[in-house]
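The structure appears below as structure tokens.
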Amino acid sequence: MVLIQRPPNVFFRRYYHLRIWLAIIAITVLVEYLFELSGSPQMPASMLQEGRNAFREKDWKKAEHAFLQAVEAAPNSARTHKWLGMTYAAQEKYVLAEQPFRRACEIDPKEPDVCYYWGRTLYSLSRFEAAFRAYQRESPPRRGRTLLGMALALEALDRDSEAEKMYREAIRAGEKQAAADFEKFQRKRSAPGVPSPEILFDPKDLPVTVRNGATGDKRLIETMIAGVAVLDYDGDGWPDIYICNGNGEANALLRNNRDGSFTDVAALAGVEARGYSMGVASADFDNDGRPDLFVTGVQTNHLFRNRGDGTFQELPFPQDGKWAVAAAWLEYDNDRLLELFVVRYVEWDK
């Protein structure tokens, strides 16, 4: 089986821009809340106010109910449809958000943000051609963020020359994010006028079975195992994989065989760490040039120092009997030595 990602970087950047979009929605809510509703006489002001209050409190069910009533009372009001779409979008329910945003843009393209929101929703659903057309419906002069949205949609459609032109227009319009996105766009381009290539992935089975020990009791720890770290533990220039396991099973250290396959060498390397492992963080904590490992788990954590000969030494580490789910190495005090941040979860008593 071959998995196809098309085009490169689109999906990561799409979700990155969705985070920005949610921030824009929050700002819109604040700005509109500062003004009294002064629309047409048919505007269901009390329903909108109730919905906006619920929106600000993140009471999505109540907000949705109020805006659905407002839409029913004023089906030709772009604002009511917009607020309903914003409620869905704030919950990342983009399939539901698309219809009210589309209706709002059709009713009144001059209503602030409605066509822009519609385009962003379509973009999040990977409907790039439709997203571009939605952005085009915004009444000119188009704002920088709309031009940026058009550029991103064109890039996703492999229409690179048009995308470059739109990026430049967004930059000229003062959209700050456009410069950073344009730089990424230029870095990934194969050559002027050449579409971005598709990236093909060939999935392969790994020689490890992750077991959570599910017995029907539905224990919480059964749902949270299998953290992963990628590291070059043997210094051969090829990435290896460490996978956490549960139910007393051994964790796996998968050595890269340089031919697309891996061999589990956890027992040989001394890093099985049997138990209920959750997460793993890899870094060179002792500054010897070799990646070490810290493994978190239920009631027990493990610190492994890389000896440099294909094996690890487990070092003493203070145990507190807590449930640790993740960890991160960082250098926060500028002493050139890594510190360790351990994330704990709930008190668990089986």
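The values are calculated or read from the model by the stated rules, or taken from the named source; none is laboratory data. This is a predicted model, so every value here is computed, not measured. Because the Cβ atoms are built from the backbone with ideal geometry, glycine has one as well, and the counts that use them run over all protein chains shown. For accessibility, only protein heavy atoms count, side chains too; no ligands or nucleic acids. Shrake-Rupley method; radii C 1.70, N 1.55, O 1.52, S 1.80 Å.
Selection of the range 303-350 for residues being closer than 19 Å to ASP288 by Cα, out of contact with any Lys or Arg (no Cβ under 9 Å at 6 or more places or on another chain) and among the aliphatic types (A, V, I, L, M) yields LEU303, ALA328, LEU330, LEU337, LEU338, LEU340. Picking from residues in the range 162-198 that are small (Gly, Ala, Ser) and at pLDDT 90 or above, the one that is nearest to SER126 (Cα to Cα) is ALA163.
Please determine whether any residue of the range 186-196 is more than 22 Å from VAL295 (Cα to Cα), of a type in the set (Val, Ile, Thr) and open to solvent by 70 Å² or more (accessible area, probe 1.4 Å). Checked the range 186-196: no residue is more than 22 Å from VAL295 (Cα to Cα), of a type in the set (Val, Ile, Thr) and open to solvent by 70 Å² or more (accessible area, probe 1.4 Å).
Taking the criterion of being open to solvent by 90 Å² or more (accessible area, probe 1.4 Å) and aromatic (Phe, Trp, Tyr), the residues of the range 198-239 that qualify are PHE201, TRP238.
Within the range 242-261, being crowded, with 20+ Cβ neighbours inside 10 Å and more than 13 Å from VAL210 (Cβ to Cβ) holds for LEU253, ARG255.
Considering the conditions (1) open to solvent by 20 Å² or more (accessible area, probe 1.4 Å); (2) aromatic (Phe, Trp, Tyr); (3) over 18 Å from TYR242 (Cβ atoms), PHE317 is excluded by exactly one of them, (3). Could you tell me whether any residue of the range 288-297 is modelled with pLDDT under 95, within 22 Å of ASP240 (Cα to Cα), of a type in the set (Asp, Glu) and out of contact with any Leu (no Cβ under 8 Å at 6 or more places or on another chain)? Scanning the range 288-297, I find at least one residue that is modelled with pLDDT under 95, within 22 Å of ASP240 (Cα to Cα), of a type in the set (Asp, Glu) and out of contact with any Leu (no Cβ under 8 Å at 6 or more places or on another chain), so the answer is yes.
Among the residues of the range 301-312, those identified as open to solvent by 60 Å² or more (accessible area, probe 1.4 Å) and closer than 20 Å to THR263 by Cα are ARG307, ASP309.
Among the residues of the range 160-175, is any out of contact with any Cys (no Cβ under 9 Å at 6 or more places or on another chain), among the β-branched types (Val, Ile, Thr), part of a helix (DSSP H, G or I) and free of Cβ contacts under 8 Å to residues at least 60 places away in the same chain? The answer is yes; a qualifying residue exists. Just give me the residues in the range 321-350 being under 18 Å from SER277 (Cβ atoms), surrounded by 10 or more Cβ atoms within 10 Å (Cβ to Cβ) and either free of Cβ contacts under 8 Å to residues at least 12 places away in the same chain or charged (D, E, K, R) (or both), in sequence order. Matches in the range 321-350: LYS322, ARG344. Scanning the range 199-258 for residues that are part of a loop (DSSP other than H, G, I, E, B), of a type in the set (A, V, I, L, M, F, W, C) and at pLDDT below 85 turns up ALA214, MET224, ILE225.
Does any residue of the range 147-154 turn out to be farther than 21 Å from ASN76 by Cβ and open to solvent by 40 Å² or more (accessible area, probe 1.4 Å)? No - not one qualifying residue is present in the range 147-154.
Residues in the range 44-71 that are surrounded by fewer than 17 Cβ atoms within 10 Å (Cβ to Cβ) and not acidic (Asp, Glu): ALA45, SER46, GLN49, ASN53, ARG56, LYS58, TRP60, LYS61, LYS62, HIS65, LEU68. Considering each residue of the range 182-189 in turn, at least one proves to be part of a loop (DSSP other than H, G, I, E, B) and touching a helix residue (DSSP H, G or I) at 6+ places or on another chain (Cβ under 7 Å). In the range 84-127, the residue that is nearest to LYS62 (Cα to Cα) out of those that are free of Cβ contacts under 8 Å to residues at least 40 places away in the same chain and part of a loop (DSSP other than H, G, I, E, B) is GLN91. Every listed requirement among (1) modelled with pLDDT of 95 or more; (2) open to solvent by 50 Å² or more (accessible area, probe 1.4 Å); (3) of a type outside the set (Ser, Thr, Tyr) is met by PHE132 save one, (2).
Anything in the range 262-300 that is under 20 Å from VAL208 (Cα atoms) and open to solvent by 30 Å² or more (accessible area, probe 1.4 Å)? List them, or say none. PHE262, THR263, ASP264, ALA267, LEU268, GLY270, GLU272, ARG274, TYR276, SER282 - these are the residues of the range 262-300 that are under 20 Å from VAL208 (Cα atoms) and open to solvent by 30 Å² or more (accessible area, probe 1.4 Å).
Can you find a residue that is in a loop (DSSP other than H, G, I, E, B) and on the phi > 0 side of the Ramachandran plot anywhere in the range 316-327? Within the range 316-327, one or more residues are in a loop (DSSP other than H, G, I, E, B) and on the phi > 0 side of the Ramachandran plot. Could you tell me whether ASP286 is more than 27 Å from the chain's Cα centre (by Cα), among the charged types (D, E, K, R) and closer than 26 Å to LEU337 by Cα? Yes; evaluated as a whole, the condition is true for this residue.
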